[in-house]
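Input: a single structure, listed below in structure tokens.
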């Protein structure tokens, strides 16, 4: 009985403190369980690192990060968002990994006039007519990676390509992006169930289609399994596999190892990008977490930097939403990607690089930047957005 | 004694939002609405499983059917609750009647399995409906429009609407079970062969019971779609049916308030324990196991026994 | 449609089906002999996979790990049977469903507490590559080994059930429990052994599928449903039914997922086909089960006379 009362008591927010901006609360909803838990963990680690390096503060205000696990379940995410918005009254919501979660919670976050900063999935819906002053994406527009991949595949002269992605918003965006830039023939367009782990049936179909290249959009645990099974099926020597940055990131490299060498990927960031912010980030991340960072961690870190710079710009007055929005939009910070700016629809405009998986000087396996595929690329829908 | 308790609980339920708001417990008004909606769903299962003795492992399909009906209509521009909600009830009931017609031809474990099979089929249909969200689910542009100057977007208004519907449903359940229909259904649950021998069309009675349970589940689904402003195929996944069954047995199979007590117990337990640890399912599982092994009549049964003995 | 594609998908279906058989065999015995619905069967499969992952890490040998996991899971299964499940034999199906569902919840959390949400398990390095079956088809050697293991277990099981004394007792218990008791069979011990054996089979399946899927909390739930579909199709209590049912389900599911979307594209508009295809493919086995129940409510090879 006493415990019940205690629980209820701790659940009641302290009513009489009007929301004074003496600290900033960030609601961090991410996928922290299941085969894709590594992604959420990476974003969180990158984000927390940025806060740590800023002395536990964002923009000078003490930062409190409330973490919730969405379990890759939009229902659970919605309840998390409800709690964070109504009970904990957070100032920002970030951390989301998958587009289906973003689409589920965005309406309620935006309606409560809380800033949403997507550090990973940036569904195409919000780039055009549905753009919203409270909706920011700090990573990349959902279709961008696939656009870069389509560009690269065309440049390399591949004529017969298979496309594979899970059957969800992210996968659809990937298809749109890829087809926008790839000018050759699409031998097959395969869609799998989100969360599927056994790709035997799809691999058989790929084999039957006899493509010369394969573009696969499978994040997290799905990607790991696919690559392992792809190598096991013997097709990796004849078919060039092209993936987005995170289709060959450190988590997957750790799991698959040497068979990954020679794999090409496209990304908005590479671990060896030569700028001071990135060098600091990679060194600090390795020191803190004893592993090399992935693109997800870089994104989380950048999001932290973005919040830090923006809150500092409004001198801690985060209640002034107009000013805060302007500060966020100006993106006045040194990103680990080099140049970073937002388009009119509050999605990033940036360059996309070609990378190959190779052995580094000290024997580790990591990405090597080979060149730039798209420069200053925004997205295809920004003209539909009516915001200034 | 029981009358007094019922009135006290009802009064507390009515007073809750008025007390909660000044305390800043806004989040918990929505939480309470959610409990009541699940109480409605669990009660509908109680009708089928508790009173009817039919172990339906696919009940979540009917909740989902009601929810999707409202969501799809909203997506197509039909926002009126007066159209959407009755339609949800009718469609869910019709679906239950169709599925029941096939399933009730089997007995025992085969019945359980085939209800599960049908529920899975409907789940995959929902996942396959790309036009209506598929895997991502479907956001509702707004809550249903009720008219009378009431705006369901206001959590408090919504709470009272749900409360009214739940009360009406429980009242109807009581009347039905007291009437001839209820007696026959319970008698069939006790001994179907005997009822058949006497000359009752047991299949028909069971089918009606099954369909009614499905229809009320559809209503719960419609409310759930409103509560979340969102539907997604997870609503139909089989562990959801399992959760409803847990509520029914936790509360008390075949007792009028079994569904209500079970929903309150499970959801409150979940919320409290998950505040302490992410491993709350361990606690829930242990409690459930204990109840099945040692208190098969559920919480309502325990209360009843304490009163009598 | 090329012969190679057909061959490869058939192998896929066979592989999937045989692993399902391992799960279904234990499940059908428990159901047939003890008349108990055991939803926690999937949890034993999960425990088997986790144990295998741990032993693989400790010993460095995949096959040793499978063996150790087999023993460990069998012991855990028997302990579970003796402590909790034994009390449920006399109860009705609803109670069994709920109690074993509770065990699923408990098992998931215990595994999460002990191991975390996921652990890695890799194929043995020797089997990470392909093997050429016919020119043009390099099939994953590991999957071939799975098929081999599945077939070997099926043969062993057949020999055990049909040719040994213990197997005879099992068949007697499945076909008529009361009579078996009346004839003096020590039913309590038989049940415990049968249960442990079923748990061991689960462990093999969990350990072998671990490298292909993922060793994670909750992995039992998705495969459990399929296992139930298999035993209902095959006939409760019949191992032969479990084998036939499992291969049928494995092949139908794989072929359906592989060819149905393409087939639909011949008759329907492209976007309609790509929407309907995967949905229909997933539903196929449930439709199959419903159809079989309609015509043969006892399944294909009912054990009971």
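The values are calculated or read from the model by the stated rules, or taken from the named source; none is laboratory data. Every value quoted in this text rests on a predicted model; they were computed, and no experiment measured them. Cβ placement follows ideal geometry from the backbone for every residue including glycine, while neighbour counts extend to all protein chains displayed.
A few notes on this one:
Conditions tested, residue by residue: (1) farther than 24 Å from residue C:239 by Cβ; (2) away from chain A (no Cβ under 11 Å); (3) in a helix (DSSP H, G or I).
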residue	(1), (2), (3)
C:126	yes, yes, yes
C:131	yes, no, no
C:143	no, no, yes
C:147	no, yes, yes
C:150	no, yes, yes
C:153	no, yes, yes
C:160	no, yes, yes
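- Only one of the numbered conditions (1) crowded, with 22+ Cβ neighbours inside 10 Å; (2) under 22 Å from residue A:369 (Cα atoms); (3) within 14 Å of chain C (Cβ to nearest Cβ); (4) in contact with a strand residue (DSSP E or B) (Cβ under 8 Å, 6 or more places away or on another chain) is not met by residue A:224, and that is (4).
- Scope segment B:91-137; condition in a helix (DSSP H, G or I), more than 8 Å from chain C (Cβ to nearest Cβ) and out of contact with any helix residue (DSSP H, G or I) (no Cβ under 7 Å at 6 or more places or on another chain); matching residues: B:94, B:98
- Residues (closer than 16 Å to residue C:197 by Cα and either out of contact with any helix residue (DSSP H, G or I) (no Cβ under 9 Å at 6 or more places or on another chain) or surrounded by fewer than 24 Cβ atoms within 10 Å (Cβ to Cβ) (or both)) located in segment C:37-67: C:66, C:67
For (1) touching a strand residue (DSSP E or B) at 6+ places or on another chain (Cβ under 8 Å); (2) within 13 Å of chain C (Cβ to nearest Cβ); (3) farther than 18 Å from residue A:358 by Cβ; (4) part of a helix (DSSP H, G or I), each residue gets a yes or a no:
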site: A:214; (1), (2), (3), (4): yes, no, yes, no
site: A:262; (1), (2), (3), (4): yes, no, no, no
site: A:265; (1), (2), (3), (4): yes, no, no, no
site: A:271; (1), (2), (3), (4): yes, no, no, no
site: A:277; (1), (2), (3), (4): yes, no, yes, yes
site: A:283; (1), (2), (3), (4): no, no, yes, yes
site: A:286; (1), (2), (3), (4): no, no, yes, yes
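- In this structure, residue A:89 does not satisfy being in contact with a helix residue (DSSP H, G or I) (Cβ under 9 Å, 6 or more places away or on another chain), more than 22 Å from residue A:266 (Cβ to Cβ), surrounded by fewer than 24 Cβ atoms within 10 Å (Cβ to Cβ) and within 11 Å of chain B (Cβ to nearest Cβ).
- Boolean, residue C:281 is touching a helix residue (DSSP H, G or I) at 6+ places or on another chain (Cβ under 7 Å) and facing chain B (nearest Cβ under 10 Å): yes
- Taking (1) in a helix (DSSP H, G or I); (2) assigned by TED's automatic domain parsing to the domain that holds residue A:331; (3) touching a residue at least 24 places away in the same chain (Cβ under 8 Å); (4) more than 15 Å from the chain's Cα centre (by Cα) in turn, residue A:89 satisfies each apart from (1).
- Restricting attention to segment B:271-291, the residues being more than 11 Å from chain C (Cβ to nearest Cβ) and within 21 Å of the chain's Cα centre (by Cα) number 1.
- Positions within segment A:299-351 being assigned to a strand (DSSP E or B) and farther than 20 Å from residue A:383 by Cα, in sequence order: A:335, A:338
- Residue match in segment C:134-141 (condition: modelled with pLDDT under 90 and assigned to a helix (DSSP H, G or I)): yes
- Set side by side, the residues B:152, B:170, B:87, B:163 differ, and just one is away from chain C (no Cβ under 14 Å), modelled with pLDDT under 85 and either within 21 Å of the chain's Cα centre (by Cα) or crowded, with 20+ Cβ neighbours inside 10 Å (or both), which is B:152.
- Residue in segment C:70-90 that is away from chain A (no Cβ under 14 Å), part of a helix (DSSP H, G or I) and more than 20 Å from residue C:198 (Cβ to Cβ) present: no
- Single condition residue A:185 does not satisfy, out of (1) away from chain C (no Cβ under 14 Å); (2) at pLDDT below 90; (3) crowded, with 20+ Cβ neighbours inside 10 Å; (4) in contact with a strand residue (DSSP E or B) (Cβ under 6 Å, 6 or more places away or on another chain): (3)
- Residue among B:53, B:100 that alone is on the phi > 0 side of the Ramachandran plot and surrounded by 19 or more Cβ atoms within 10 Å (Cβ to Cβ): B:53
- Residue A:205 in contact with a helix residue (DSSP H, G or I) (Cβ under 9 Å, 6 or more places away or on another chain), without any contact (Cβ under 8 Å) to a residue 60 or more places away in the chain and in the same structural domain as residue A:340 (by TED's automatic domain parsing): no
Here is a yes/no grid of residues against (1) surrounded by fewer than 24 Cβ atoms within 10 Å (Cβ to Cβ); (2) touching a residue at least 40 places away in the same chain (Cβ under 8 Å):
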residue	(1), (2)
A:111	yes, no
A:120	no, yes
A:127	no, yes
A:136	no, yes
A:140	no, yes
A:160	yes, yes
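- Per-region count, segment B:198-245, residues under 28 Å from residue C:224 (Cβ atoms) and out of contact with any helix residue (DSSP H, G or I) (no Cβ under 7 Å at 6 or more places or on another chain): 1
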